[in-house]
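Colleague: Dropping the structure in here first, questions after.
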């Protein structure tokens, strides 16, 4: 073997980083970073951030640790210089926090990081300590082996994404934008995972858009009184009627560009037709992924919390509800008008969280590099764009002019209901998927 061939073989030998990705994912899961959304009860991301900083420092990275607006809300950022400093940097970001988990509901303890039955188990296994493990393992390999990427890479491990990023990406963008200087494009969750939709052919869904987040508090006021009396000005009655009306309302179907492209790609691959007269029914035929795609056909408003009263025989003067609203790109003004019509003037509204939608096009050199990296590891596969019904830290980074994608590559078993694992019981990620994703990420970052 020539020196050139030997160097090429070594460049593609990711066996060490693949094993590291599995171990790092497991170890990160063991660090409880539960984000309740209430700063008083948040565990805090500091321990995980310090762990990441230590792993990066071991191989020679200089890291920046920042607490974003509150004690313990730790973030770590590191930069790897690329061959061409004149090119815009690529930001690779992920969040350290996870949503709560009740151990009594799980087959394994949610913070065990157990590696068993060919899976890594625990809260954060897919959202998103798997991507953190793959990213950390790949960054360590590049530094350790002296691999110089085509352009600067910025690795960011962030706090508070699960509560909208106020104490994470939002704070950093507003107060430490210097950490992301020169970044023009970014990758993170939720995309790059496979779905099997025809004869074993896998399609990898790359996120190019996501709905806006509008967590809305509704408030009704009435006259306080005794629960035994006839009462025609009851705040609870007003509120529950409004909540029921909003919660059962079907917003109109709106075909955004990313949804059109996704459905067209599925049609080309499978021959499946999507009848616009019954789009809900047509999308339902997509199987497990139908829930995720179906939620991107229209705006949604799901009541999630109610709060009223303090005693069984006292009619309260105020009743409140929280509604989780997700709004399609370009639909915000129309959405507000529908709220006006549905709720009327007597229901007060205020936004707890109000984050914009994200949308970019499925083209360009970065998309080409994603596709080539996936196909190199899974010949015969295809990539396609899609819209995420949820939200990510891309909402903050786009304000810096950064073009954002969801690309956390995983090759998944055809029968795994992947979307159900996000925030679900027995969250887990296949070991083979982590190793596959590490290989793809390695190729991608060396070619983008």
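The values are calculated or read from the model by the stated rules, or taken from the named source; none is laboratory data. These numbers were taken from a predicted model, which means no experiment stands behind them. So basically every Cβ, Gly included, is an ideal-geometry build from the backbone, and we count neighbours across all protein chains shown.
Colleague: Which residue out of 314, 327 is in contact with a strand residue (DSSP E or B) (Cβ under 9 Å, 6 or more places away or on another chain), in the same structural domain as residue 242 (by TED's automatic domain parsing), within 21 Å of residue 405 (Cβ to Cβ) and in contact (Cβ under 8 Å) with a residue 24 or more places away in the chain?
Modeller: Working: 314 fails: within 21 Å of residue 405 (Cβ to Cβ).
Sole residue among the options that is in contact with a strand residue (DSSP E or B) (Cβ under 9 Å, 6 or more places away or on another chain), in the same structural domain as residue 242 (by TED's automatic domain parsing), within 21 Å of residue 405 (Cβ to Cβ) and in contact (Cβ under 8 Å) with a residue 24 or more places away in the chain: 327.
Colleague: Hey, among the residues in region 191-228 that are out of contact with any strand residue (DSSP E or B) (no Cβ under 9 Å at 6 or more places or on another chain) and not assigned by TED's automatic domain parsing to the domain that holds residue 319, which one's farthest from residue 366 (Cα to Cα)?
Modeller: 199
Colleague: For region 204-230, give me each residue that is part of a strand (DSSP E or B) and over 30 Å from residue 169 (Cα atoms). Show your work before the answer.
Modeller: Let us first name the residues in region 204-230 that are part of a strand (DSSP E or B), namely 204-210, 212-221, 225-226.
Residues satisfying the conditions are 220, 221, 225, 226.
Colleague: Tell me the residue from 106, 121 that is surrounded by fewer than 24 Cβ atoms within 10 Å (Cβ to Cβ), in contact with a strand residue (DSSP E or B) (Cβ under 7 Å, 6 or more places away or on another chain) and at pLDDT 95 or above, please. If you could, list the steps in order and put the result at the bottom.
Modeller: Details: 106 fails: in contact with a strand residue (DSSP E or B) (Cβ under 7 Å, 6 or more places away or on another chain).
Only one candidate passes the filter, namely 121.
Colleague: Name the single residue, out of those in region 35-56 being in contact with a strand residue (DSSP E or B) (Cβ under 6 Å, 6 or more places away or on another chain) and not in a loop (DSSP other than H, G, I, E, B), that is surrounded by the most Cβ atoms within 10 Å (Cβ to Cβ).
Modeller: Our first condition is that a residue be in contact with a strand residue (DSSP E or B) (Cβ under 6 Å, 6 or more places away or on another chain); within region 35-56, this holds for 43, 45-46, 49, 52-53, 56.
Adding the requirement that they be not in a loop (DSSP other than H, G, I, E, B) leaves 46, 49, 52-53, 56.
Details: 46: 19, 49: 26, 52: 29, 53: 20, 56: 22.
The extreme case among them is 52.
Colleague: Only residues that are closer than 21 Å to residue 128 by Cβ, part of a loop (DSSP other than H, G, I, E, B) and in contact (Cβ under 8 Å) with a residue 40 or more places away in the chain: list them for region 71-93, please.
Modeller: 73
Colleague: Something else about it: Can you pull out the residues in region 238-284 that are assigned to a helix (DSSP H, G or I) and under 23 Å from the mean Cα position of the chain (by Cα)?
Modeller: Taking region 238-284 and keeping what is assigned to a helix (DSSP H, G or I), we get 238-247, 257-270, 276-284.
Across region 238-284, the qualifying residues are 257, 258, 259, 260, 261, 262, 263, 265, 266, 283, 284.
Colleague: If you don't mind, another one. Test residue 136 against the stated conditions and say whether it is part of a strand (DSSP E or B) and in contact with a helix residue (DSSP H, G or I) (Cβ under 9 Å, 6 or more places away or on another chain).
Modeller: No: the conditions fail for residue 136.
Colleague: While we're here: Quick one: what pairs do we get from region 47-58, first residue outside the structural domain of residue 142 (by TED's automatic domain parsing) and within 12 Å of residue 77 (Cα to Cα), second surrounded by fewer than 20 Cβ atoms within 10 Å (Cβ to Cβ) and at pLDDT 95 or above, C-beta under 6 Å, 6+ apart or different chains?
Modeller: none
Colleague: Among (1) assigned to a helix (DSSP H, G or I); (2) surrounded by fewer than 13 Cβ atoms within 10 Å (Cβ to Cβ), there is one condition residue 288 misses while meeting the rest; what is its number?
Modeller: Every condition holds for residue 288 apart from (2).
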